[in-house]
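Report on the following structure.
Just so it is clear, none of the values below were taken in a lab; they were calculated from the coordinates. What you see is a predicted model, and the numbers here were worked out from it, not measured in a lab. Counting neighbours? That spans all protein chains shown, and the Cβs are built from the backbone with ideal geometry, glycine included.
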């Protein structure tokens, strides 16, 4: 199926399929007989994928978690959309912009496994989840449960609700190396009281890469009459799943992370029956309180970003969601396996592949995270990000599909020498 078939203006379909995507289709056909796990270890295939990226030679980039920059194919489409919108001007903005935004949102809903009437495009995870936190029907004395490892923007939004509405925020601390799913579920369960209305939980803990047992947490919370909002910033287009299978009420994600859409692209899922109770943060002309679009008023915005989401989806499907997820996990396990038992190394990410993804966090005993990141960049030309707080001290390591095992070998060598 042409993932852009619903776009209103055919100018945005661009020229024929770019050479790289044609090549990618051919390369994928050559390894289709392999399982995702087998394909994840095929270095020749991933070197071909790497050829579709323009990579800065100054350093090895192991900090893709903040922004998975665009492969050239998506970038060229994005530039094409900017040019066409500039060419068409207000005519496009008055005749096609919203139909196209909704068409791309429907394509996203297909990947998410939910209804098109349950998902809207936002700018990022923060905006998505703040729409829910700020629009939730709070009453004085209501309680919300979250973790100190959650992203600071949402924690601050909950603090704002405490000031405005008199709600009580209760924080738990998620262990870096849990013993079981049951231990995590019980951690959240203990924080719930009869006054609890909403629980926020990360699908993937952004600072460590730990994958939490979301379905089990949601089932537990629902059994106690509590709604669940999931921070999926790092999970969407990284792990392979359908949102309804998680049984959550709300889900937010950033598309400029693992989907490799342009900066400023996100999405919000709201279970259909929950839409009416959420108040819009910005007044909307949509008056039907069952229509999720009433939560999504933005005014004039850069629509080229929305259109490029469709191109990012094309790329994601061409690469193969399960194949991509397997490669990202393989890269993480490739380097963590080599250093996990070294005496000077502290790995803040579980070893169990069922609890992990492409993200991991590593520290060096006796070295501050900031000094570790500085040494990696200045001495070894490896770019990472330091994490120092919420029970985590180390550098977050986030390879992408273009990362090679040779680059990870250089990183492992650096970690061994830094001890």
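Quick notes
- Shape category assigned to the stretch 129-244 from the gyration tensor of Cα positions, a/c cut at 1.5: prolate
- Candidates 182, 112, 40: whichever shows maximal mean-square fluctuation once the chain is modelled as a Gaussian network with Cα springs under 10 Å: 182
- Residue with peak Gaussian network fluctuation, the chain [Cα springs, cutoff 10 Å], from 105, 191, 253: 191
- Rounded, prolate or oblate (a/c below 1.5 giving rounded, otherwise prolate when a/b exceeds b/c) for the stretch 35-142 by Cα gyration tensor: oblate
- Global form of the chain, assessed from the alpha-carbon gyration tensor, a/c cut-off 1.5: oblate
- Fluctuation leader among 274, 22, 170 - the chain, Gaussian network, Cα springs under 10 angstrom: 22
- Rel. contact order, % - alpha carbon contacts under 8 angstrom, at least six apart, the stretch 97-312: 26
- Quick note on the stretch 262-419: its Rg to Rh ratio, both from C-alpha atoms and Rh being the Kirkwood radius, is 1.11.
- Rounded FRET efficiency, nearest 0.05, which uses the C-beta distance separating residue 417 from residue 54 and R0 of 30 Å: 0.50
- Remark: the stretch 97-312 projects, on average over all directions, an area of 11.0 nm² (convex hull of Cα atoms).
- 267, 157, 200 arranged by Cβ crowding within 10 Å, fewest neighbours leading: 157, 200, 267
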